[in-house]
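**Student:** Handing you this structure, nothing more for now.
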Amino acid sequence: MRRVANCILQFRILALAATLLLVLSSTSFAVDSSPRVQLNIAKAGPRAVESLTERGILRDYRFAWNSMAQALEFNTFDPLEGPFAGEAKTWLRDTITNQQRSGLSQRYVNQNHQLEAVFYAPEGDVMELHDTADYQLQISDGGKLIHEEHVVLHFVVLMTPAADRWVIRQLQAVPQF
Amino acid sequence: MRRSFPLRTTLLLSGACLLVASMLGVSAAQELTVPASVTAGDETAISTTGSGAATFYLLGPSVSRRNEVSLGQEIHLQARELQNAGDYMAILCSGTCRSASFYVNAAKPASVTFLVHPSRVPTGQSDAVSGVAFPFDQFHNLVLVPKTINFQLTTGNSSVFSQPAHTRDGVAWFRTASGKAAGMLQVVASLDDLSAKRAVQQVASDPCNLRIQGQRTANGIVVETEPVHDCAGNPVPDGTIVTFTATDASGKDTVDAPIKKGIAKAQMDAPGAVVVSAASGVVMGNEVRIGAH
């Protein structure tokens with residue numbers, strides 16, 4: 001009788017462990033998932049945003065933030081090649097250079113972006129967007145987590161079309177829109 | 001003697017505690033006070049409370065700083081650390097970590113980025129010329145405070161268009177018709193004592209009143225246009241194609257000829273009586289009838 005009870009207990013422990021493993025694995029999947037971006041083009045003007053452009057902006061903005069998160073977490077420049085240009089690329093490169101010196105790194109977890117196109121030039125050569133971004137910011141010093149908080153930030157973004165994608169030229173955090 | 005013993009014990013314990021605390025890096029609870037906002041390129045300071053040593057971190061656009069500081073003293077932030085507008089986070093760690101964030105705002109405008117389209121435009125077209133202007137400070141931060149930008153379009157000494165526009169979210173724009181006269185259109189965006197100049201080449205629009213004449217020669221017929229102008233009287237640029245079509249009993253013969261020095265000219269084989277017409281773009285010219293050889 002005691003053996004049966006032990007067997008049931010062991011089974012329950014195993015089931016609990018399996019459930020925990022499942023929960024943990026699903027959590028890590030959520031953590032590693034790419035940024036979630038929602039785009040509102042209702043206020044864009046004077047040029048109307050075509051559906052193909054809307055899809056391109058969504059795709060390229062998500063990719064840019066994913067690349068920026070990788071670059072700032074692993075302190076590498078490669079992810080910045082492509083999605084960034086001009087001033088945005090310059091300050092991101094400077095940040096990474098300084099992070100390499102100081103031993104710091106930043107991790108952006110569970111990114112959500114509420115993106116709104118507020119200006120689309122008459123000839124379609126530049127678009128200004130407002131992004132209300134929220135994510136879990138983790139700052140590490142030499143691999144040791146020193147700070148973690150959930151942040152909500154507002155960004156003014158300038159994007160321009162390049163050969164095969166939209167690139168971020170300006171990414172400027174502001175207190176509010 | 002018995003009374004002094006607890007006092008001595010207390011002092012010893014306190015000393016030991018302080019020694020252990022200092023060895024572990026634990027000090028009095030630290031606080032940091034950041035400025036409410038800073039203008040890009042300005043120096044500022046972060047005040048701290050507490051005592052002992054701490055590690056200070058500053059993270060922001062272009063900045064990732066880590067250094068040891070003494071609590072209770074101000075932490076000086078240099079102007080070059082605060083050149084990029086955006087969100088900055090200051091963290092102070094001494095056992096535990098405290099953080100605070102502040103914003104750096106763009107400084108006053110130092111340049112105007114001005115995009116103008118197109119570079120070449122036919123005259124007399126509505127909504128044909130447009131421009132977009134962004135004011136930036138000396139550190140290339142977008143100036144979001146509303147500013148008035150004056151857009152001026154001139155050809156020669158005459159003004160084609162002049163309009164002040166207020167920046168909204170850091171951008172101002174215009175759109176207008178092209179002028180009536182061919183030539184260089186100067187487009188200027190000015191903000192206080194700053195200005196950005198662009199040039200648009202205005203070219204003649206489609207030909208107007210396309211007229212041709214022709215005559216028979218030993219080798220066939222030669223047809224040519226009169227000097228080709230648009231409806232505003234501007235000479236149509238050389239290289240514009242005029243299509244001549246000769247129709248006779250045997251069918252049609254077509255020749256494309258570019259305008260050279262204002263005139264398009266073509267030679268065609270046509271032994272019999274022929275009717276020749278001309279067209280350029282969507283504009284049709286007159287017809288000429290040339291008799292048989």
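**Student:** Just to be sure I understand: if I project the alpha-carbon convex hull of chain B onto a plane and average over all orientations, what area do I get in nm²? Write out the running numbers ahead of the final one.
**Tutor:** Working: hull surface 99.9 nm².
The Cα convex hull of chain B, projected and averaged over all directions, gives 25.0 nm².
**Student:** Ignoring solvent entirely, what values of log10 I(q)/I(0) come out of the Debye formula for segment B:32-143 at 0.13, 0.22 Å⁻¹ when each Cα is a single scatterer?
**Tutor:** Once normalised to I(0) and log-transformed, intensities are -0.58, -1.10.
**Student:** To continue, here is another question. Can you tell me, using C-alpha contacts under 8 Å and at least 6 residues apart, the relative contact order of segment B:28-105 as a whole percent?
**Tutor:** Details: 197 pairs, mean separation 29.2, N = 78.
Reported as a whole number, the value is 37 percent.
**Student:** Using 0.36 nm per residue of separation minus the Cα-Cα distance, give me the extension gain between B:ALA232 and B:ARG80 in nm, one decimal. Spell out each step's value before the answer.
**Tutor:** On the way: separation 152, 0.36 × 152 = 54.72 nm, distance 5.64 nm.
Computed gain between B:ALA232 and B:ARG80 is 49.1 nm.
**Student:** Let me ask something else about it. Can you give the local net charge around B:ALA165? Use residues other than it whose beta-carbon is closer than 12 angstrom to its beta-carbon, Lys and Arg +1, Asp and Glu -1. The partial results should precede the final answer.
**Tutor:** Values: positive: B:LYS147, B:ARG168, B:ARG175; negative: none.
Net charge in that neighbourhood comes out at +3.
**Student:** Treat each spin label as a single point 7 Å out from the Cα along the C-beta direction, and report the A:GLN176 to A:ARG59 distance in nm.
**Tutor:** 3.7 nm
**Student:** Give me D for the protein assembly as shown in µm² s⁻¹, whole number, from Stokes-Einstein with Rh from the Kirkwood sum over alpha-carbon pairs, 37 °C and 0.692 mPa s.
**Tutor:** Details: Rh = 28.4 Å.
This corresponds to a translational diffusion coefficient of 116 µm²/s.
**Student:** For labels at B:ILE263 and B:ASN286 in the simple 7 Å Cα→Cβ model, what's the distance in nm?
**Tutor:** Label-label distance for B:ILE263 and B:ASN286, simple model: 1.6 nm.
**Student:** Using mean Cβ contacts within 10 Å as the protection proxy, how do A:161-173, B:166-178 order, highest first?
**Tutor:** Details: A:161-173: 18.4, B:166-178: 19.9.
Ranking, from highest mean packing down: B:166-178, A:161-173.
**Student:** Would you please give the residues with an amide H less than 5 Å from that of A:HIS147, counting only those at least 5 places away or on a separate chain, with H modeled from the backbone geometry?
**Tutor:** Hits under the 5 Å cutoff: A:ILE139.
**Student:** Under 15 Å from the Cβ of B:LEU210, count the other residues' Cβ atoms, weight Lys and Arg +1, Asp and Glu -1, and hand me the total. Intermediate values should be presented prior to the final figure.
**Tutor:** Details: positive: B:ARG211, B:LYS265; negative: B:ASP206, B:GLU224, B:GLU226, B:ASP230, B:ASP256, B:GLU287.
My count for the surroundings of B:LEU210 gives -4.
**Student:** Quick one: angle between helix B:4-24 and the longest Cα principal axis of chain B, in degrees between 0 and 90, rounded to 10, please.
**Tutor:** Between helix and principal axis, roughly 20 degrees.
**Student:** Report the Stokes-Einstein translational diffusion coefficient (µm² s⁻¹, integer) for segment A:35-174, Rh taken as the Kirkwood radius over Cα pairs, at 25 °C with viscosity 0.890 mPa s. Spell out each step's value before the answer.
**Tutor:** On the way: Rh = 15.5 Å.
For the chosen part, D equals 159 µm²/s.
**Student:** Would you mind giving the mean number of other chain beta-carbons within 10 Å of the Cβ of each residue in A:93-101, as a whole number?
**Tutor:** Details: counts 1, 6, 7, 2, 2, 9, 5, 1, 3.
Across A:93-101, the average partner-chain Cβ count within 10 Å equals 4.
**Student:** Using 7 Å Cα-to-Cβ label points, what is the B:LYS197/B:VAL275 separation (nm, one decimal)?
**Tutor:** Each label point lies 7 Å from its Cα, and together they span 5.4 nm.
**Student:** Also: Can you tell me the Rg and Dmax of segment B:207-290, counting just the alpha carbons, in angstroms?
**Tutor:** 12.3, 39
**Student:** Compute the Rg to Rh ratio over segment B:109-203 from the alpha carbon atoms, using the Kirkwood formula for Rh, and round to two decimal places. Don't jump to the answer; show the numbers that get you there.
**Tutor:** Values: Rg = 13.3 Å, Rh = 13.3 Å.
Using Cα coordinates only, the ratio equals 0.99.
**Student:** For the protein assembly as shown, what does -39500 (n - 2.57) per DSSP helix run (n ≥ 4), summed and divided by total residues, give at 222 nm, in deg cm²/dmol to the nearest 500? Before the final figure, lay out each step's value.
**Tutor:** Numbers: 4 runs with 93 residues, N = 470.
Counting only the DSSP helices, I get -7000 deg cm²/dmol.
Bear in mind that the values in this text are calculations on the coordinates, not laboratory data. Computed from a predicted structure; not experimentally measured. Because the Cβ atoms are built from the backbone with ideal geometry, glycine has one as well, and the counts that use them run over all protein chains shown.
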